[in-house]
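Notes follow the structure.
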Amino acid sequence: MNRFSGKTAIVTGAGSGIGRATARRFANEGANVVVADRDPDGLRGTVADLDGDRVLILEVDVSNQSEVEAMVQAAVERFGALNVLVNNAGVGCDGTVTDLSFDDYRKVMSINVDGVFYGCRAAYPELKKTKGCIVNTSSISGLGGDGAMIGYNMSKGAVSQLTRALARDSGRDGIRVNAVAPTLVHTGLTEDMEDDKALMEAFAKAIPLGRGAQPEEIASVIAFLASDDASFVHGLVMSVDGGLFASTGQPDFKDF
Ligand code: NAD
């Protein structure tokens, strides 16, 4: 498939995991890709074997509004237009309402929520010109409470709502907006959890397909939502969860 030939996509959090797989998927489908992350080493790994003429590497902290604005400007300067923005950069955050530190609370909200808002705001005028689209990375953690992850749950709930609310406004400007809501994906974010055998077994038991996802299995859905194949899909927060929410309506949290 070559669905993005001649198009330009920005992917944030492209230095690892889902963002890396997504950037590579876009590049392999013909896109010019702006790979943005705060981790320059990760970005180098992402683009190592990609066509350098169609790649722009940017060190960006998405929680910094002016850096996000500069990212959009750099994409347009380099490739002439912007067609797709994937707001994917994100961090985890543990803690309850009483033990989560205020610094950690601010951090998760500034990256996971402010970063997505800044991206949508900065890219909007350029996407209006191209009738482009946005795909946000939410989470099943944005659909319910996980337990002792209140900051992360709040942040991903906000990403889901931002997606729906923006879609109401942006449709008339021809900008489609959707989100993916993955369950467990084996990435840098879950590295610490992977040592907890009991937790991993509980996940496998609760997910009808019996396992977590590989990042490429989320990237392919992001690419679908960003492509013309999804030309009438708008305002959707799409579970990509091996059936965890999709088949049951409610995951079986007693297993966790
Ligand atoms: P990851 O840690 O492998 O990748 C996240 C990337 O985001 C890293 O390269 C990191 O450097 C970058 N990043 C973090 N803060 C940043 C900032 N302020 N500015 C720019 N870049 C920043 O994790 P991942 O699982 O690939 O996470 C990608 C997205 O997927 C996140 O939004 C995460 O919340 C979401 N998600 C992950 C899972 C999972 O199980 N892994 C499940 C649901 C949703």
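The values are calculated or read from the model by the stated rules, or taken from the named source; none is laboratory data. Everything numeric here is computed off the predicted structure, so don't read it as measured data. We place every Cβ from the backbone using ideal geometry, glycine too, and count neighbours over all the protein chains shown. Just the protein is used for accessible areas: all its heavy atoms, side chains included, with ligands, DNA and RNA removed. Shrake-Rupley method; radii C 1.70, N 1.55, O 1.52, S 1.80 Å.
Couple of notes before you dig in:
Every residue, every condition in (1) near the ligand (Cβ under 7 Å from one of its atoms); (2) open to solvent by 60 Å² or more (accessible area, probe 1.4 Å); (3) closer than 19 Å to residue 83 by Cα; (4) out of contact with any helix residue (DSSP H, G or I) (no Cβ under 9 Å at 6 or more places or on another chain), yes or no:
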position	(1), (2), (3), (4)
18	yes, no, no, no
26	no, no, yes, no
33	no, no, yes, no
41	no, yes, no, yes
46	no, no, no, no
50	no, no, no, no
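- For segment 196-244, filtering for residues that are closer than 23 Å to residue 167 by Cα and open to solvent by 30 Å² or more (accessible area, probe 1.4 Å) leaves 11.
- Tally, over segment 74-103, of residues that are open to solvent by 20 Å² or more (accessible area, probe 1.4 Å), touching a residue at least 40 places away in the same chain (Cβ under 8 Å) and not in a loop (DSSP other than H, G, I, E, B): 4
- Any pair with Cβ under 8 angstrom, 6 or more apart, that starts in segment 228-255 at a residue that is modelled with pLDDT under 95 and of a type in the set (A, V, I, L, M) and ends at one that is in a loop (DSSP other than H, G, I, E, B) and open to solvent by less than 40 Å² (accessible area, probe 1.4 Å): 244/183; 244/207; 244/251
- Any hit, segment 195-217, residues being β-branched (Val, Ile, Thr), over 19 Å from the mean Cα position of the chain (by Cα) and in a loop (DSSP other than H, G, I, E, B): yes
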